[in-house]
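Student: Below: one structure in structure tokens.
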Amino acid sequence: MGTAFGEARYSWPPAELTEIHGQNGPLVAVGVLPHANEPLGSAFTSTLPSYGGPHGRIALIGPIDPPPAARRFGFPVDPVGYAAAGYLQPLADQAEFAHCRVPMTLAQMRAARLRDQLEELRPDAFVLLHNDVGAVSPYLYANRVWPEVTARLRAFCPPPVLGATWTHVLDTFTYAFFPASRIGVVQSECAGKYIEEELGIRTLTVELPMFAWATRDPARHAVAKAMGEWIARGASHGGDTDRLVREVSAAVGDRHVPMVSAQTSARVVWAALTGVFETLTEDSWPYAAPNRDSRVGGATWEKFTFTSS
């Protein structure tokens with residue numbers, strides 16, 4: 001299905017993806033595949049070819065932390081298939097938490113490569129696209145509130161329930177970026193804190209719901225808990241993936257829980273980027289405008305819920 005900017009679909013990004021869309025205005029860099037098993041940002045990138053960029057430029061960067069080719073699961077995928085086929089390193093070996101001054105490990109070198117690209121581009125803002133296996137609404141991580149971004153999300157998304165214990169809440173849609181040491185990574189820092197503090201580039205993470213859970217479905221909490229424990233045990237490197245698959249299968253049962261549609265994921269990212277550009281410019285950007293019928297390229301942005309259709 002399409003968005004105001006083109007057809008949306010999920011895919012795995014190519015080996016190297018650095019391109020700029022648009023001609024003038026503020027530059028926002030968008031990082032795709034920041035974790036090896038989080039490809040939902042591809043729904044947004046698939047719509048970019050039809051973006052004219054009249055009010056800002058968008059630079060794609062990535063894949064930041066790609067998985068081995070054999071571990072790229074097919075689309076669509078359900079929670080059990082995701083648990084069985086998804087690849088992820090232990091926390092200290094993930095590029096997301098590997099930013100430091102003297103890179104030594106593969107993850108730290110990938111993090112340094114990302115910073116080199118950002119240094120070359122010098123964007124006005126940097127947006128990382130993640131996905132969350134248990135979420136029912138999108139949410140953000142940031143170092144400060146982004147009121148325009150929150151307003152864009154609130155216009156058509158139900159507010160999330162923010163209950164993470166490893167950080168604190170900045171507003172109804174936003175968690176604060178947290179030190180990597182809070183999750184046990186002590187030799188390096190998380191991308192959101194390090195890039196903004198060291199490079200001076202305003203940084204924001206958009207977390208996309210991966211599956212079309214019902215809000216009160218207890219299985220989503222069980223699946224998220226099982227995934228978190230698998231990561232803590234070492235993820236794909238010693239975390240006992242067979243156990244994870246059993247736990248996810250038991251939680252889901254014989255139900256089919258589909259992915260959130262690519263169209264919906266793309267719209268969330270476009271809405272967030274609208275708010276980012278509004279933050280960077282004085283003029284209101286007319287995409288996905290809240291509280292009014294916003295038509296761009298013959299398409300209408302409307303309120304929606306997170307479904308698979």
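Student: Looking at the range 3-58, which of the residues that are among the acidic types (Asp, Glu) and touching a strand residue (DSSP E or B) at 6+ places or on another chain (Cβ under 9 Å) is surrounded by the fewest Cβ atoms within 10 Å (Cβ to Cβ)?
Tutor: Here is the first cut: in the range 3-58, the residues among the acidic types (Asp, Glu) are 7, 16, 19, 38.
Filter once more, so that each one left must be touching a strand residue (DSSP E or B) at 6+ places or on another chain (Cβ under 9 Å): 16, 19, 38.
On the way: Glu16: 10, Glu19: 12, Glu38: 25.
Here the answer is Glu16.
Student: Output the qualifying pairs, or none if there are none: Cβ atoms under 8 angstrom, residues six or more apart or on different chains, first residue in the range 206-230 and surrounded by 14 or more Cβ atoms within 10 Å (Cβ to Cβ), second residue at pLDDT below 95 and of a type outside the set (A, V, I, L, M, F, W, C).
Tutor: Here the result reads Ala212/Thr307; Ala212/Ser308; Ala219/Arg255, each pair linking the range 206-230 to a residue that is at pLDDT below 95 and of a type outside the set (A, V, I, L, M, F, W, C).
Student: Filter the range 126-171 for residues that are acidic (Asp, Glu) and touching a Ser or Thr at 6+ places or on another chain (Cβ under 7 Å); which is nearest to Trp213 (Cα to Cα)? Walk me through it before giving the result.
Tutor: Step one: of the range 126-171, the residues acidic (Asp, Glu) are 132, 148, 171.
From what's left, touching a Ser or Thr at 6+ places or on another chain (Cβ under 7 Å): 148, 171.
Values: Glu148: 27, Asp171: 23 Å.
Restricting to residues being acidic (Asp, Glu) and touching a Ser or Thr at 6+ places or on another chain (Cβ under 7 Å), the top hit is Asp171.
Student: Also, I was wondering about something else. How many residues does the range 146-167 contain that are under 19 Å from the mean Cα position of the chain (by Cα) and either more than 17 Å from Val269 (Cα to Cα) or among the acidic types (Asp, Glu) (or both)?
Tutor: So the count comes out to 7.
Student: Another question, if that's okay. Report yes if some residue within the range 177-187 is among the polar types (S, T, N, Q) and assigned to a helix (DSSP H, G or I); otherwise report no.
Tutor: Within the range 177-187, one or more residues are among the polar types (S, T, N, Q) and assigned to a helix (DSSP H, G or I).
Student: Suppose we filter Tyr10, Tyr82 for residues that are among the aromatic types (Phe, Trp, Tyr) and not in a loop (DSSP other than H, G, I, E, B); which single one remains? Lay out the reasoning, then the answer.
Tutor: Values: Tyr10 fails: not in a loop (DSSP other than H, G, I, E, B).
Answer to the selection: Tyr82.
Student: Among the residues of the range 142-159, write down those that are in contact with an Asp or Glu (Cβ under 7 Å, 6 or more places away or on another chain) and buried (at least 21 other Cβ atoms within 10 Å of the Cβ).
Tutor: Within the range 142-159, just Thr150 meets the criteria.
Student: On to the next question. Tell me the residue from Arg101, Arg71 that is under 30 Å from Arg255 (Cβ atoms) and either surrounded by fewer than 17 Cβ atoms within 10 Å (Cβ to Cβ) or modelled with pLDDT under 95 (or both), please. Spell out how you get there, then give the answer.
Tutor: On the way: Arg101 fails: under 30 Å from Arg255 (Cβ atoms).
Result: Arg71 is the single residue among Arg101, Arg71 that is under 30 Å from Arg255 (Cβ atoms) and either surrounded by fewer than 17 Cβ atoms within 10 Å (Cβ to Cβ) or modelled with pLDDT under 95 (or both).
Student: Can you say whether Ala224 is at pLDDT below 95 and either assigned to a helix (DSSP H, G or I) or of a type in the set (A, V, I, L, M) (or both), as far as the supplied structure shows? If you could, list the steps in order and put the result at the bottom.
Tutor: On the way: at pLDDT below 95: no; either assigned to a helix (DSSP H, G or I) or of a type in the set (A, V, I, L, M) (or both): yes.
The answer is no for Ala224.
The values are calculated or read from the model by the stated rules, or taken from the named source; none is laboratory data. Keep in mind the model is a prediction, meaning the values are calculated, not measured. Methodologically, a virtual Cβ is constructed for each residue, glycine included, from the backbone with ideal geometry; neighbour enumeration extends over all protein chains shown.
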